[in-house]
Amino acid sequence: MTTHSSRREFLKRASALGATGVAAPMALNMASISSVAAANATDYKALVCVFLYGGNDYANTVIPYDLDNFNSYKTLRPVLHIPRADMAGSVLNASNPLAGRQYALSPSLKSLAKIFNTDKKLAVLANVGTLIEPTTKTQLLNRSVKLPPKIASHNDQQSFWQAIGVEGASTGWGGRMGDILMAQNPYSSLTCISPNGNSVFLAGKKVVQYQSSLTGAVAINGIKTPLFGSRDCSNALLSLLTGAQPSSMGNDLADLCNRAINNEILFNTAIKNSGNLDFSNWPVEGVNALADQLRLVLKAINAGIGAGNRRQVFLVGMGGFDTHDGLDDKHPQLLQAVADAMSAFYDSTVDMGIADKVTTFTGSDFGRSWGNNDGSDHGWGSYHFVMGGAVKGGQIFGTPPAVANGGPDDFGQGRLIPTTSVDQVAATLGKWMGLSDNELLDVLPNLKNFTTRNMGFMA
């Protein structure tokens with residue numbers, strides 16, 4: 001690559017980091033933001049992806065509850081099954097016909113069952129996974145269909161879920177949506193935000209994910225506080241990073257540093273002025289990592305609305321779901337943390353009057369197998385949730401799989417062959433966000449292979 005093209009690529013990737021102007025006017029504008037701003041939202045929408053890293057065990061998340069299918073589940077999981085009586089408080093009363101089937105959530109997900117049954121603002125998505133094209137068991141066994149790479153690999157499947165591309169992909173479908181949506185935001189640097197570190201999901205061709213800590217933007221310490229105890233040293237560092245440079249590349253880097261400093265002021269001012277939000281019913285800070293991330297997301301949503309942004313995309317994440325052993329002990333605790341965080345987040349959006357403007361959905365590397373006496377192994381398809389005021393909740397969307405070992409919907413040990421692709425889920429969410437059919441085909445390269453492109457779970 002030539003120096004000129006390297007510089008061009010650098011500028012393309014850096015441009016979305018900044019907002020126009022200097023820090024002071026932006027900070028002054030953002031300083032007026034408070035929690036009442038949310039009530040004034042008009043055409044605002046946000047997507048929040050909750051990614052469960054490691055591959056969530058679907059079989060003990062959404063569980064067959066009708067007697068016949070529960071008995072099959074119990075037979076296939078003689079040690080790891082959840083007793084039917086324990087699920088009395090988390091049975092799903094789905095409003096759509098399921099041919100006599102009934103399901104319950106893990107008892108740890110009781111608060112999400114309430115959002116499904118009572119609020120009817122949570123839906124279950126059955127047997128979702130990474131696909132390139134519709135895939136039957138016969139096609140899979142005959143190797144007559146294109147498949148995602150390395151189905152059982154954590155890194156590859158995380159990448160394919162988030163990017164619809166192989167490991168090493170440079171953009172994700174959340175970021176590609178951000179490329180299209182950022183034009184609606186006066187503060188484009190706050191289009192795609194992650195309080196969970198770097199993820200390909202939020203990376204776009206133009207938009208660059210804004211990474212923050214749990215308390216706000218990460219400052220350049222040597223500028224924010226006296227370097228070596230000296231403000232003069234800090235000023236010298238500031239001048240070195242942002243002043244005129246002898247080369248074009250150096251000046252590009254200085255512009256980037258200026259934008260980063262401006263954005264730190266912009267974001268932290270906005271977060272500070274969201275301090276009136278009520279978190280009294282949330283998990284205690286520092287106890288639930290997912291709730292801590294969603295707390296920051298709620299502040300950023302409030303700030304984005306107050307700033308006049310119209311579209312935002314977020315990713316939060318939680319690890320620990322690679323439960324090869326200790327499933328009985330680990331998995332209920334993990335799901336409890338997910339339920340506590342997601343239900344607190346939803347309740348806050350209701351209190352703020354923005355529940356219909358924020359849609360939260362889960363993702364994970366893959367589902368798992370029926371397993372052994374202690375844990376489960378890597379699978380493929382899985383159950384997922386979508387939650388929010390605009391969700392047609394109280395329903396199970398997609399095709400619930402047969403409860404079997406080597407049945408029509410799995411390729412052994414309950415490893416599900418997905419019947420709904422991530423592309424179809426993403427397209428349904430993208431349509432709600434306002435993307436056109438042609439834009440969705442650009443964002444989701446495999447969507448063209450699927451006849452059903454809107455699953456119908458969004459109002």
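A few comments on the model shown:
- Projected label distance in nm at LYS120 and SER170, using a 7 Å step from Cα toward the beta-carbon: 4.7 nm
- Ordered by solvent-accessible area of protein heavy atoms (1.4 Å probe), largest first, the residues TYR44, TYR53, TYR187 come out as TYR53, TYR187, TYR44.
- Of the beta bridges in the chain, as assigned by DSSP with both residues counted there, near 40 percent are antiparallel.
- Placing R0 at 56 angstrom, the Cβ-Cβ distance between THR136 and VAL287 gives a FRET efficiency of 0.80 after rounding to 0.05.
- Apportionment of accessible area to carbon and sulfur, the chain, percent (1.4 Å): 52 percent
- For the range 313-325, the Karplus equation 6.51 cos²θ - 1.76 cosθ + 1.60, evaluated at θ = phi - 60°, returns couplings of 10, 10, 9, 10, x, 8, x, x, 8, 7, 8, 6, 8 Hz by residue, with Gly and Pro reported as x.
- The slack in the chain from VAL145 to ASN454, taken as 0.36 nm per residue of separation less the alpha-carbon distance, amounts to 109.0 nm.
- Amide proton proximity set for LYS45, modelled H, under 5 Å, gap of 5+: ARG311, GLN312
- Cβ-based net charge around ASN258, under 12 Å, with every Lys or Arg adding one and every Asp or Glu removing one: -2
- Of the residues HIS331, HIS81, HIS324, ranked by 1.4 Å probe accessible area with the largest first, the sequence reads HIS324, HIS81, HIS331.
- Extending 7 Å from Cα along the Cβ direction at MET249 and again at HIS324 yields two label points whose distance is 4.3 nm.
- Other residues whose C-beta falls under 10 angstrom from the C-beta of ASN60 contribute a net charge of 0, scoring Lys and Arg +1 and Asp and Glu -1.
- Taking 7 Å steps out from each Cα toward its Cβ at LEU240 and ALA99 produces label points 6.9 nm apart.
- Taking amide hydrogens as placed 1.01 Å from N in the peptide plane, the amide H of ALA390 sits under 5 Å from those of VAL358, each at least 5 positions away in sequence or on another chain.
- Against the chain, whose longest principal axis comes from its Cα atoms, helix 289-307 is set at around 50 degrees.
- Accessible surface area normalised per residue over the range 162-280 is 45 Å², counting heavy atoms of protein chains with a 1.4 Å rolling probe.
- Taking the chain and dividing mean pair separation by its residue count, relative contact order in percent (alpha carbons under 8 Å, at least six apart): 30 percent
- Cα-centred dipole magnitude for the range 91-182, charges only on beta-carbon of K, R (+1) and D, E (-1), debye, nearest 20: 360 debye
- Rounded to the nearest Hz, the phi-derived 3J(HN,Hα) couplings of the range 73-83 under the Karplus curve 6.51 cos²θ - 1.76 cosθ + 1.60 (θ = phi - 60°) are 4, 5, 5, 6, 10, x, 9, 8, 5, 8, x, where x marks glycine and proline.
- Cβ charges +1 (Lys, Arg) and -1 (Asp, Glu), total dipole of the chain, debye: 880 debye
- Each Lys and Arg Cβ is given +1 and each Asp and Glu Cβ -1; about its Cα centre, the range 248-404 then shows a dipole of about 720 debye.
- Summing charges over all other residues whose Cβ lies under 13 Å from the Cβ of GLY320, with Lys and Arg as +1 and Asp and Glu as -1, gives -4.
- The amide H of GLN245, built 1.01 Å from its N in the peptide plane, has ASN251 as neighbours under 5 Å, considering only residues 5 or more places off or on other chains.
- Under the Karplus curve 6.51 cos²θ - 1.76 cosθ + 1.60, θ = phi - 60°, whole-Hz ³J(HN,Hα) for the range 226-239, x wherever Gly or Pro sits: x, 6, 6, x, 10, 5, 4, 5, 5, 5, 5, 5, 4, 5
The values are calculated or read from the model by the stated rules, or taken from the named source; none is laboratory data. Just so we're clear, the structure is a prediction, and the values are computed from it rather than from any experiment. No Cβ is skipped: glycine too gets one built from the backbone with ideal geometry, and neighbour counts run over all protein chains shown. Note: areas computed on protein heavy atoms with side chains; ligands, DNA, RNA excluded. Shrake-Rupley method; radii C 1.70, N 1.55, O 1.52, S 1.80 Å.
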